[in-house]
Amino acid sequence: MASFYRDPQQVYRVKELERLEWLEHGFGTRGSGAWVAGELVTLRQIHSDICVCADASTSSMPVGDALVSNTPGRFLGIRTADCLPILMVDERRRAIAAVHAGWRGTARRIAPKVLETLAARFASRPEDLLVAIGPGICGRCYTVGSEVARQFHPWFPELALVRGQTSLDLAEANRRQIVEAGVPAGRIYTAGHCSFCQPEDFFSCRRDPHTPERMLSAIGFAGE
């Protein structure tokens with residue numbers, strides 16, 4: 001959590017990603033608005049495990065829940081209001097990814113699949129990646145039924161036989177999946193901020209079911 005800080009634009013930044021002079025990134029809040037200054041590629045998010053490569057021919061609104069690219073001049077963006085925004089960067093190959101991870105995408109291992117796409121497209125290696133898991137609903141606030149919880153037993157064995165409502169820590173589930181995929185634990189940074197119980201900072205679909213508002217998180221190439 002110490003790696004994350006909020007800047008004057010009300011955008012959360014990660015100190016370890018900021019040391020890459022060629023990179024720009026951020027996790028939006030309810031006060032940051034449309035903070036990206038540059039061409040932005042976003043998705044029609046459908047809670048899937050679909051990963052789209054955003055090259056020069058990519059439409060402005062492809063369908064899926066993750067974007068990868070190594071093309072300068074573009075930002076990759078995803079929008080959340082309880083689900084997790086995850087940003088990834090390969091500092092050796094200069095490849096980037098933006099991931100929307102709700103419970104469905106997490107159960108389908110969307111983050112490891114993005115790592116596989118980075119490897120296939122850009123020869124990325126897990127040990128060269130930095131991963132930032134942004135603000136989302138925390139494990140204390142996020143309760144699900146047993147039919148959802150049991151899908152997470154590979155990462156939380158105690159959920160295999162759960163009955164009734166229980167809590168689910170999506171950030172930790174994704175962190176464990178990313179570690180299993182080979183990214184060193186010390187190169188994964190988790191915000192630790194909760195969209196549900198910090199209403200002054202974040203939008204939340206679970207807290208306000210009728211809100212259309214989402215926070216924008218994005219990653220791109222600086223100075224392009």
Restricting attention to segment 203-222, which residues are within 19 Å of TYR12 (Cβ to Cβ) and of a type in the set (Asp, Glu)?
GLU213
Starting from segment 11-35, keep only residues that are surrounded by fewer than 17 Cβ atoms within 10 Å (Cβ to Cβ), then list their pairs with residues that are outside any strand (DSSP E or B) and of a type in the set (D, E, K, R) whose Cβ atoms are within a distance under 7 Å, requiring at least 6 positions of separation or different chains.
LEU20/GLU91; TRP22/ARG94
Residues satisfying the stated conditions in segment 1-52, i.e. under 25 Å from ARG93 (Cβ atoms), in a loop (DSSP other than H, G, I, E, B) and under 16 Å from the mean Cα position of the chain (by Cα):
SER3, THR42, LEU43, ASP49, ILE50
Report every pair of residues separated by at least 6 positions or lying on different chains whose Cβ atoms are under 7 Å apart, first residue within segment 191-203 and touching a residue at least 40 places away in the same chain (Cβ under 8 Å), second assigned to a loop (DSSP other than H, G, I, E, B) and β-branched (Val, Ile, Thr).
CYS194/ILE137; SER195/ILE137; PHE196/ILE137; ASP201/THR29; PHE202/THR29; PHE203/THR211
Please specify each residue of segment 92-119 satisfying the condition of being closer than 20 Å to LYS15 by Cβ and surrounded by 18 or more Cβ atoms within 10 Å (Cβ to Cβ).
ILE96, ALA97, ALA98
Identify, from the list LEU76, LEU115, the residue that is within 15 Å of the chain's Cα centre (by Cα) and assigned to a strand (DSSP E or B).
LEU76
List the residue pairs whose Cβ atoms are under 8 Å apart, where the first residue sits in segment 211-222 and is over 15 Å from LEU43 (Cβ atoms) and at pLDDT below 95, the second is assigned to a strand (DSSP E or B) and not basic (Lys, Arg), and the two are 6 or more positions apart or on different chains.
PHE221/LEU23; PHE221/GLU24; PHE221/ILE96; ALA222/LEU23; ALA222/GLU24
Please enumerate the residues belonging to segment 120-156 that are buried (at least 23 other Cβ atoms within 10 Å of the Cβ), part of a loop (DSSP other than H, G, I, E, B) and in contact (Cβ under 8 Å) with a residue 60 or more places away in the chain.
GLY134, PRO135, ILE137
Among (1) acidic (Asp, Glu); (2) within 20 Å of ALA171 (Cα to Cα); (3) touching a strand residue (DSSP E or B) at 6+ places or on another chain (Cβ under 7 Å) - the single one GLU91 does not satisfy:
(2)
State whether one or more residues within segment 159-172 are among the polar types (S, T, N, Q), surrounded by fewer than 13 Cβ atoms within 10 Å (Cβ to Cβ) and touching a residue at least 12 places away in the same chain (Cβ under 8 Å).
yes
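The values are calculated or read from the model by the stated rules, or taken from the named source; none is laboratory data. Since the structure is predicted, the reported quantities are computational estimates derived from the model, not experimental observations. Cβ atoms come from the backbone with ideal geometry, glycine included; neighbour counts cover every protein chain shown.
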